[in-house]
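Engineer: Provided herewith is a single structure, encoded as structure tokens, for subsequent inquiry.
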Amino acid sequence: MDFSFTEEQSMLRDTVASYLADHYSFEQRRDALKTEAGWRPAVWKAFAEELGILGAPFSEELGGLGGGPTDNMVVMEEFGKTLVVEPYLGTVVIGGGFLKHSGHSGAADIIAQIIAGTTTIAFAAAEPQARYSWQDLKTTAKKDGSGWVLNGAKAVVIGAPWASHLIVTARTGGGQRDAQGVSVFIVDKTAKGVTTRDYPTVDGLRASEVTFENVSLPAEALIGSEGAGLPLVEKVIDEAIVATCAEACGVLRRLHEGTLEYTKQRKQFGQPISQFQVLQHRMVDMFIQLEQSISMTYMANIKLTDTDVERAKGVSAAKVQIGKACKFVGQNAIQLHGGMGMTDEMAIGHYFKRATMIEGAFGSTDHHLARYETLSLGKAA
Amino acid sequence: MDLDFSPEDSAFREEARAFIAENYPKALREKQARGEDLGKEDFLSWHRILAAKGWSAPSWPKEFGGTEWTPTQKYIWSEEQARADTIGILPFGVAMLAPVIYTFGTQEQKEKFLPGIRDGKVWWCQGYSEPGAGSDLASLKTKAERITGDDGKEYYLVNGQKTWTTLGQHADWGFFLVRTDPNSKPQAGISFLLIDMKSPGIEVRRITTLEGGHEVNDVFLDNVKVPVENRIFHENQGWTCAKALLAHERSGIAGVARSKRGLERVREIASTELSDTGGPLLQDPFFKRKVAELEIDLTALEFTELRTLAGEQSGKGPGLESSILKIKGTEIQQRLHELALEAVGHYGAPYLRDLGHNANIGPGYADGLAGDYFNGRKTSIYGGSNEIQRNIIAKMVLGL
């Protein structure tokens, strides 16, 4: 048994951490969020050119660093500690994941652009009526000669304002909630008929409501096999969840550390409030939640290469733990900071907001508990 | 044991309901429905309408313009207001300061200050908290020294900083706890001053809260001259006023009526939103269970409050039950925020404050739910944190 990281992974962590220490202070992040763009393309460029981390999970043949999901985990955990907003998850983990796993003929070219930092991707999967069901699709793609015509609307597409391309799930057959008939497309955001309404999200990201009106897609826009895309979608989303869990571990670590630090220096009734036993026990429970979350993230990462059912169970179990930890650690971090935790000025609230959004990302705690139950019962039957 | 309301109570409920239906400002209702931030005049408009009816000060004695409603009537009134989604009257003047003035103030002070509070003409803010004090209120440092002014009159010269001053940006006057004797024990050297917020030397500075709102402020006092006659009760005995005021702050903090309405709203949202399998979210077994559990907890809180009310009606003052009401009331409010945010799924993420409203992103009822959730974390912190409330119960009730 071995939970240690390779030398390359440790180096990757150090590279990311030291770059962020120099370029990603809380104040720099806050200033960037206030700009119209809401992100820093220069940072993205540095990720590509200076650090080379956009190639972390891709094979060397594709021009990457030869890593995999564990490398995504390493990067995302560091991003969580610093609340990085730039779209690594959408572009590298999700976009790259679809291209890698699909056997798409143009994958190598697009991945090369991802690694170079010139292609950025947002994942347009959710629809207003669908909640967390990835197969509930009103968006349709109809055959048109050799290509396709795309129509529909997608909800809260994270990172879309920054993306050059969208990966879009659409129905090419079957009824609204059928497992069969789901296909995946890569769409140039500048294509005619694509419109976006951009807005900020509470955790400092940017998102869009995206609509497709008779968007013409070439044949090669299809990623994976026609009508049988759901297993691919689930696999990539599971990878994205593990990466998000790793990000959450970084966020939770900062929430916990920040709370320890604050309660040691904050005095009330003549002593540091960290001396009160009720607060000590609370911080111990926060610490336990953090450690359990790290364990579950590692577990789910290992299960990513298991059978589909085992992978899905592992990932959902991890997401349940992470969701509970985000709530418990986040809420208590604010509570133990007292009034100061309620201010925009202190970083702690911003970590809490990101933790809260992670709770609902790619399915709420309840969604994953239900998924886990179904998979467990399915196995028993 | 009897839970029925008397015929008089039922008649009062009808009257209250009809009055709200006929008199609540339409423009205000529309603004609330759009989720817009309310301004000074919005807050005061409903106050003034109630003042004209004679209903703006439910707890006060009749001689100062109060209604002298029974606890049951007050309870009915809060239920009817919640039911109709009205805004509340701001508590600072009517519910918190006024009882201090009519209990401890001089005749002159009563005549000078009570009418403006009752009629919604003067906006009051609270100057209790200080940086570094928090729930340890008695450790406050803002000092007031006696001086004789150029006009030969006696003044306090006030220096220090207050914080978390809710809606202080609108305030005409503020009530402040200041240290007039630095050498005595923490609680013993404090005085209770009323300060005109337009006095030279006062600066109110915005604190932006984590959800992006402007509700609280820092107040800086730099050589502020306050006439001695603006002190309520004796010098160095302001703690007596402070404690009385805090008891009033905590009563009504349970917010049962508002939470009942909040639960209804969660049900409305969850019957519109769809679950992963396509049916109403309210039928989802996980969500349904959480709503049911919350409703049961709210019922327990409601009956604890009713028991407290019954006790009050038979002459027992609001006692230590207020700590139970504060803890459970705020926890329930926070869980309601959680459930509402959870119910809207992806549409909890858009942050509309910067965009202006009517942005039409997602369903209208999702607007501001994340803001409510984040802002609502304050309720277990303010008014004596819930940890402090538990200490109070441990010490005062359980004798630990």
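The values are calculated or read from the model by the stated rules, or taken from the named source; none is laboratory data. In this text the structure is predicted, and so the values were computed from the model without any measurement. Quick reminder, even Gly has a Cβ in these numbers, built from the backbone with ideal geometry, and neighbours come from all protein chains shown. We work out accessible area using only protein heavy atoms, side chains counted, and drop any ligands, DNA or RNA first. Shrake-Rupley method; radii C 1.70, N 1.55, O 1.52, S 1.80 Å.
Engineer: If you take the residues in segment A:257-294 that are in a helix (DSSP H, G or I) and small (Gly, Ala, Ser), which one is nearest to A:Ser183 (Cα to Cα)?
Structural biologist: Restricting to residues being in a helix (DSSP H, G or I) and small (Gly, Ala, Ser), the top hit is A:Ser293.
Engineer: Tell me which residues, restricted to segment B:172-221, are within 22 Å of B:Val100 (Cα to Cα) and of a type in the set (S, T, N, Q).
Structural biologist: Result: B:Thr180, B:Gln187, B:Ser191.
Engineer: Now, a different point. What's the number of the only condition in (1) in contact with a strand residue (DSSP E or B) (Cβ under 6 Å, 6 or more places away or on another chain); (2) part of a loop (DSSP other than H, G, I, E, B) that A:Gly90 fails to meet?
Structural biologist: (2)
Engineer: Moving on. Determine, yes or no, whether A:Thr356 is within 12 Å of chain B (Cβ to nearest Cβ) and either in contact (Cβ under 8 Å) with a residue 12 or more places away in the chain or buried (at least 20 other Cβ atoms within 10 Å of the Cβ) (or both).
Structural biologist: yes
Listed here are the residues, each with its yes/no results for (1) touching a residue at least 40 places away in the same chain (Cβ under 8 Å); (2) assigned to a helix (DSSP H, G or I); (3) open to solvent by less than 30 Å² (accessible area, probe 1.4 Å); (4) closer than 18 Å to A:Gly96 by Cβ.
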{"residue": "A:Thr196", "(1), (2), (3), (4)": "no, no, no, no"}
{"residue": "A:Gly204", "(1), (2), (3), (4)": "yes, no, yes, no"}
{"residue": "A:Ala207", "(1), (2), (3), (4)": "yes, no, yes, no"}
{"residue": "A:Val215", "(1), (2), (3), (4)": "yes, no, yes, no"}
{"residue": "A:Glu220", "(1), (2), (3), (4)": "yes, yes, no, yes"}
{"residue": "A:Lys235", "(1), (2), (3), (4)": "yes, yes, no, yes"}
{"residue": "A:Val242", "(1), (2), (3), (4)": "yes, yes, yes, yes"}
{"residue": "A:Ala246", "(1), (2), (3), (4)": "yes, yes, yes, yes"}
{"residue": "A:Leu255", "(1), (2), (3), (4)": "yes, yes, yes, no"}
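Engineer: Here's another thing I want to ask about it. Among the residues that make up segment A:364-376, is at least one of them among the polar types (S, T, N, Q), within 18 Å of B:Asp284 (Cβ to Cβ) and outside any helix (DSSP H, G or I)?
Structural biologist: From segment A:364-376, those among the polar types (S, T, N, Q) are A:364-365, A:374, A:376; that's our starting set.
Next, from what is left, pick out any that are within 18 Å of B:Asp284 (Cβ to Cβ): A:364-365, A:374.
Okay, now just the ones that are also outside any helix (DSSP H, G or I), so A:364.
Within segment A:364-376, one or more residues are among the polar types (S, T, N, Q), within 18 Å of B:Asp284 (Cβ to Cβ) and outside any helix (DSSP H, G or I).
Engineer: Before we move on, is B:Glu338 free of Cβ contacts under 8 Å to residues at least 40 places away in the same chain, closer than 27 Å to B:Glu305 by Cα and touching a helix residue (DSSP H, G or I) at 6+ places or on another chain (Cβ under 9 Å)?
Structural biologist: yes
Engineer: Let me confirm something: among A:Val242, A:Val251, A:Val236, which residue is under 12 Å from A:Trp134 (Cβ atoms) and of a type in the set (A, V, I, L, M, F, W, C)?
Structural biologist: Values: A:Val242 fails: under 12 Å from A:Trp134 (Cβ atoms); A:Val251 fails: under 12 Å from A:Trp134 (Cβ atoms).
None of the others qualify; the one that does is A:Val236.
Engineer: Among the residues of segment A:298-313, is any more than 21 Å from the chain's Cα centre (by Cα), within 11 Å of another protein chain (Cβ to nearest Cβ) and at pLDDT 95 or above?
Structural biologist: No, that holds for no residue.
Engineer: Then there's this: Of these, A:Ala141, A:Ala155, A:Ala126, A:Ala130, which one is under 30 Å from B:Leu369 (Cβ atoms), assigned to a strand (DSSP E or B) and among the small types (Gly, Ala, Ser)?
Structural biologist: Selected residue: A:Ala155, the only one of A:Ala141, A:Ala155, A:Ala126, A:Ala130 that is under 30 Å from B:Leu369 (Cβ atoms), assigned to a strand (DSSP E or B) and among the small types (Gly, Ala, Ser).
Engineer: Looking at segment B:257-302, which of its residues are more than 20 Å from A:Asp136 (Cα to Cα), touching a Lys or Arg at 6+ places or on another chain (Cβ under 8 Å) and among the hydrophobic types (A, V, I, L, M, F, W, C)?
Structural biologist: Correct list: B:Ala257, B:Val291, B:Leu294, B:Leu298, B:Ala300, B:Leu301.
Engineer: Within 14 Å of chain B (Cβ to nearest Cβ), out of contact with any Ser or Thr (no Cβ under 8 Å at 6 or more places or on another chain) and in contact (Cβ under 8 Å) with a residue 40 or more places away in the chain: which single residue out of A:Gln135, A:Gln180 fits that description?
Structural biologist: Residue meeting the stated conditions: A:Gln135.
Let's see how each residue does on (1) touching a residue at least 12 places away in the same chain (Cβ under 8 Å); (2) in contact with a Leu (Cβ under 7 Å, 6 or more places away or on another chain); (3) over 18 Å from B:Ala84 (Cβ atoms):
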site	(1), (2), (3)
B:Ala16	yes, no, no
B:Asp37	yes, no, yes
B:Asp42	yes, yes, no
B:Pro58	yes, no, no
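Engineer: Hey, another quick one. I need the full set of residues from segment A:328-381 which are farther than 18 Å from A:Gly314 by Cα and of a type in the set (Gly, Ala, Ser), in order please.
Structural biologist: Across segment A:328-381, the qualifying residues are A:Gly330, A:Ala333, A:Gly338, A:Gly339, A:Gly341, A:Ala347, A:Gly349, A:Ala355, A:Ala381.
Engineer: Residues in segment A:74-87: is at least one more than 17 Å from the chain's Cα centre (by Cα), of a type in the set (Gly, Ala, Ser) and modelled with pLDDT of 95 or more?
Structural biologist: No - not one qualifying residue is present in segment A:74-87.
Engineer: Right, here's the next one. Need at least 3 residues that are more than 14 Å from chain A (Cβ to nearest Cβ) and crowded, with 20+ Cβ neighbours inside 10 Å per element, so show me which strands (runs of 3 or more DSSP E) inside segment B:183-266 make the cut, counting only ones lying wholly within it.
Structural biologist: Filter on segment B:183-266 gives B:190-196, B:214-227.
Engineer: Out of (1) more than 14 Å from A:Leu166 (Cα to Cα); (2) surrounded by 20 or more Cβ atoms within 10 Å (Cβ to Cβ); (3) not aromatic (Phe, Trp, Tyr), what's the single condition that is false for A:Ala48?
Structural biologist: The one condition A:Ala48 does not meet is (2).
Engineer: Report the residue count in segment A:1-27 for those that are open to solvent by 70 Å² or more (accessible area, probe 1.4 Å) and touching an Asp or Glu at 6+ places or on another chain (Cβ under 6 Å).
Structural biologist: The total comes to 0.
Engineer: Which residue pairs have Cβ atoms closer than 6 Å, lie 6 or more positions apart in sequence or on different chains, and pair a first residue in segment A:79-92 that is more than 12 Å from A:Trp39 (Cα to Cα) with a second residue that is in a helix (DSSP H, G or I) and β-branched (Val, Ile, Thr)?
Structural biologist: The qualifying pairs are A:Gly80/A:Val251; A:Thr91/A:Ile114.
Engineer: Condition first: open to solvent by less than 30 Å² (accessible area, probe 1.4 Å), on the phi < 0 side of the Ramachandran plot and assigned to a helix (DSSP H, G or I). Now tell me which residues in segment A:337-346 satisfy that.
Structural biologist: A:His337, A:Gly339, A:Gly341, A:Met342
Engineer: Can you say whether B:Lys153 is more than 30 Å from B:Leu44 (Cα to Cα), within 14 Å of another protein chain (Cβ to nearest Cβ) and open to solvent by 50 Å² or more (accessible area, probe 1.4 Å), as far as the supplied structure shows?
Structural biologist: Criteria not met by B:Lys153.
Engineer: Just give me the residues in segment A:151-169 being buried (at least 23 other Cβ atoms within 10 Å of the Cβ), more than 19 Å from A:Ala107 (Cβ to Cβ) and away from chain B (no Cβ under 14 Å), in sequence order.
Structural biologist: Answer for segment A:151-169, where residues must be buried (at least 23 other Cβ atoms within 10 Å of the Cβ), more than 19 Å from A:Ala107 (Cβ to Cβ) and away from chain B (no Cβ under 14 Å): just A:Trp162.
Engineer: Shifting gears a bit: Do we have A:Asp144 as open to solvent by 10 Å² or more (accessible area, probe 1.4 Å) and under 21 Å from the mean Cα position of the chain (by Cα) here?
Structural biologist: Taking the combined requirement at face value, the residue does not satisfy it.
Engineer: I would also like to ask the following. If you scan segment A:331-344, which residues turn out to be more than 7 Å from chain B (Cβ to nearest Cβ) and in contact with a Ser or Thr (Cβ under 8 Å, 6 or more places away or on another chain)?
Structural biologist: Answer for segment A:331-344, where residues must be more than 7 Å from chain B (Cβ to nearest Cβ) and in contact with a Ser or Thr (Cβ under 8 Å, 6 or more places away or on another chain): A:Asn332, A:Ala333, A:Leu336, A:His337.
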